[in-house]
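To start, the structure under review is shown below, and the notes come after it.
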Amino acid sequence: MVDSEKKCNICGKAFENSTKLNQHKSESHKSETKVKKTASNSSRYKATGIAAAIAVIIVLGVYFSENQQPSVTVIQGVRCDPTESIDFHIHAHLDVIVDGKSVTVPAGIGIKPNECLYWLHTHNTSGVIHIEAPQETTFTLGQFIQIWDNTPSISPTFEGMMHGDKNFKVFVNGFEYKDGYDKIPLNAHDEIVIVSGSVPPTLPQSYEFNGL
Ligand SMILES: [Zn+2]
Ligand SMILES: [Zn+2]
């Protein structure tokens, strides 16, 4: 009868005595060392896996930090910030008349969705220019127009709306401003009218800001 203690615990083969069993084990089952190798291999894989994971995290980290930090864009000294500044917050209103017809000022001028807002921007099509900056500064109509034409996917652009007319007239609170539109300051509650083509007999001289 074969003693169960003399059975190889690895392959189940029976042996007459433990000496033969041990001999068999050392000759036939070098697998112990193999197992160790496999183990060390798997730990090497683990280490490689961890290193790869770390590399992925680093790459993602760089990717996200690059994408979360909005590109600092400045147009004529007007910065595009990720959030709205309200320390200096005033509003002016803009009407645009082309060939005797009032045209709509687009919403979203100066706003790059999910990225940043220029200190000068429009939130809707009312023509209200929001001037929102970290500190009191005199901004100009010229800066606003530059931002308008440099806001991605804004339609129409100011240039397009003007059909390329560079000799448009500008009226501020009913008075024509002849020193160049790029010098026109944007004051709180100014009513600005840009006219391309014939000037209508009556122009808006003020705007009801309704608490803005
Ligand atoms: Zn705003
Ligand atoms: Zn505002």
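Do we have any residue at all in the range 124-132 that's modelled with pLDDT of 95 or more and either part of a helix (DSSP H, G or I) or among the aromatic types (Phe, Trp, Tyr) (or both)? Checked the range 124-132: no residue is modelled with pLDDT of 95 or more and either part of a helix (DSSP H, G or I) or among the aromatic types (Phe, Trp, Tyr) (or both).
Cβ separations smaller than 8 Å between residues 6+ apart or across chains give the following pairs from the range 75-93 residues that are aliphatic (A, V, I, L, M) to residues that are near ligand 2 (Cβ under 8 Å from one of its atoms): Ile86/Glu132; Ile90/Ile131; Ala92/Val128; Ala92/Ile131.
Taking the conditions (1) among the aliphatic types (A, V, I, L, M); (2) more than 16 Å from ligand 2 (Cβ to nearest atom); (3) surrounded by 15 or more Cβ atoms within 10 Å (Cβ to Cβ) in turn, Leu186 satisfies each one other than (2). Among the residues of the range 139-161, is any among the acidic types (Asp, Glu), over 22 Å from the mean Cα position of the chain (by Cα) and under 21 Å from Gly77 (Cα atoms)? Yes, the range 139-161 has at least one match.
Which of the following residues is modelled with pLDDT under 95 and of a type in the set (A, V, I, L, M, F, W, C): Leu186, Leu203, Leu141, Leu212? Let's see the steps before the verdict.
Values: Leu186 fails: modelled with pLDDT under 95; Leu203 fails: modelled with pLDDT under 95; Leu141 fails: modelled with pLDDT under 95.
Going through Leu186, Leu203, Leu141, Leu212 in turn, the sole match is Leu212.
Of the residues making up the range 162-182, those that are not aromatic (Phe, Trp, Tyr) and not in a strand (DSSP E or B) are Met162, His163, Gly164, Asp165, Lys166, Asn167, Asn173, Gly174, Lys178, Asp179, Gly180, Asp182.
The residue list Tyr177, Tyr207, Tyr181 contains one member that is over 27 Å from the mean Cα position of the chain (by Cα), within 16 Å of ligand 2 (Cβ to nearest atom) and more than 14 Å from Thr122 (Cα to Cα), which is Tyr207.
Applying the set (1) surrounded by 12 or more Cβ atoms within 10 Å (Cβ to Cβ); (2) under 24 Å from Glu84 (Cα atoms); (3) away from ligand 2 (no atom under 14 Å from the Cβ); (4) among the β-branched types (Val, Ile, Thr) to Thr138 leaves exactly one unmet item: (1). Among the residues of the range 183-208, those identified as in a loop (DSSP other than H, G, I, E, B), in contact (Cβ under 8 Å) with a residue 12 or more places away in the chain and more than 27 Å from Thr137 (Cβ to Cβ) are Gly197, Ser198, Val199, Pro200, Leu203. Scanning the range 89-123 for residues that are under 19 Å from Leu212 (Cα atoms) and either part of a loop (DSSP other than H, G, I, E, B) or away from ligand 1 (no atom under 12 Å from the Cβ) (or both) yields a total of 13.
The values are calculated or read from the model by the stated rules, or taken from the named source; none is laboratory data. Because the structure is a prediction, the values reported are computed rather than measured. Cβ coordinates were reconstructed from backbone atoms using ideal geometry, including for glycine residues, and neighbour counts include every protein chain displayed.
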